[in-house]
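No lab work stands behind these numbers, since they all come straight from the coordinates. Since the structure is predicted, the reported quantities are computational estimates derived from the model, not experimental observations. Ideal geometry is used to build each Cβ from the backbone, glycine not excepted, and the neighbour counts take in all protein chains shown.
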Amino acid sequence: SRRVTIRDLRTAKERGERWPMLTSYDMYTAEIFDAAGIPVLLVGDSAGNNVYAHPDTVPVTVEELVPLARAVVRSTSRALVVCDLPFGSYQLGPQQALETSIRIMKEAGVQAVKLEGGLPVVESVRRIVEAGIPVMAHIGFTPQSVNALGGYRVQGRGTDGARLVEAALALEEAGAFAVVLEMVTAEVAAEVTKRLAIPTVGIGAGPDVDAQVLVWQDMAGLRSGRMPKFVKQYGDLRGALVTATKAFADDVVTGVFPADEHTYH
Ligand code: KIV
Ligand code: NA
């Protein structure tokens, strides 16, 4: 079986088929999501606040993401693996964006890169695509700009909606193969989805998009604390780990583990 291609994703949109996407940063989740048939996996810079214990994605570096992306690629055979360009690795312009993309393609072995922003990154997208590297765009709430956006705020309300539609069209024209819409009103996301031939991937963008992405720790209930409105938890991995950890600790303290069946003679 071969990997999913950007062409397959375009075909899915033409057929009106929705698809799921998840983040992954390690071997076991990559194996599990690949076997479950998740067609696109993202090694997101959300590793910043889900792996590296940074407060947000701003401090994440290429050096931090590349080893995670390599592990995800090695652990999958079917999924199209996308790696984020971290903050600071492309904002200087098309030249830096292309250099970082080439480095990530060669060192991580992923099939595509993703970067954040609208009109200001259109020329960078064009340059990377012209070099033969598929690019996923990301507009709406863009976490790398959290400090400029004034917090985690819904985008696309009022006249901002037209700006998002314009950005999405420009990114498609520049050659992006898909566009992530994060924390965008459902109405604007539906409009963008209708206007584009390439798939839209929603996260907090309502139901009328071509695909849905979630951070896997949110999806599986590993993260603690208050979840954003757009998260649905499909498991309680945190609860399962807490229970297993307590049972192991108790067994060690009471001498129940290891039993004879775990012991060499
Ligand atoms: O880094 C990430 O996880 C992302 C997705 C939420 C789209 O960019
Ligand atoms: Na990201």
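Structure values in brief
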{"read-out": "Candidate aspartates and glutamates for bridging to K194, where Cα separation is under 20 Å - those fewer than 8 sequence places away on the same chain excluded", "value": "D8, E14, E17, D160, E166, E172, E173, E182, D208, D210"}
{"read-out": "Cα centroid separation, segment 77-119 to segment 153-215 (Å)", "value": "20"}
{"read-out": "Three semi-axes of the equivalent ellipsoid, segment 8-163, Cα gyration tensor, whole Å, largest first", "value": "23, 19, 17"}
{"read-out": "Environment charge at V213 (Cβ cut-off 13 Å; Lys +1, Arg +1, Asp -1, Glu -1)", "value": "-1"}
{"read-out": "Low-density loop positions, GluC sites (Glu not before Pro), segment 14-90 - DSSP coil, at most 15 other Cβ in 10 Å", "value": "E17"}
{"read-out": "Cα-derived Rg over Rh, computed across the chain with Rh taken as Kirkwood radius", "value": "1.03"}
{"read-out": "Inverse of mean 1/r across different Cα pairs in segment 107-199, Kirkwood, Å", "value": "13.4"}
{"read-out": "Segment 1-46: chymotrypsin sites (Phe, Trp or Tyr not before Pro) falling in loop per DSSP and having at most 13 other Cβ within 10 Å", "value": "none"}
{"read-out": "Distance in nm between pseudo-label sites at D208 and Q233 (7 Å out along the Cβ direction from Cα)", "value": "3.1"}
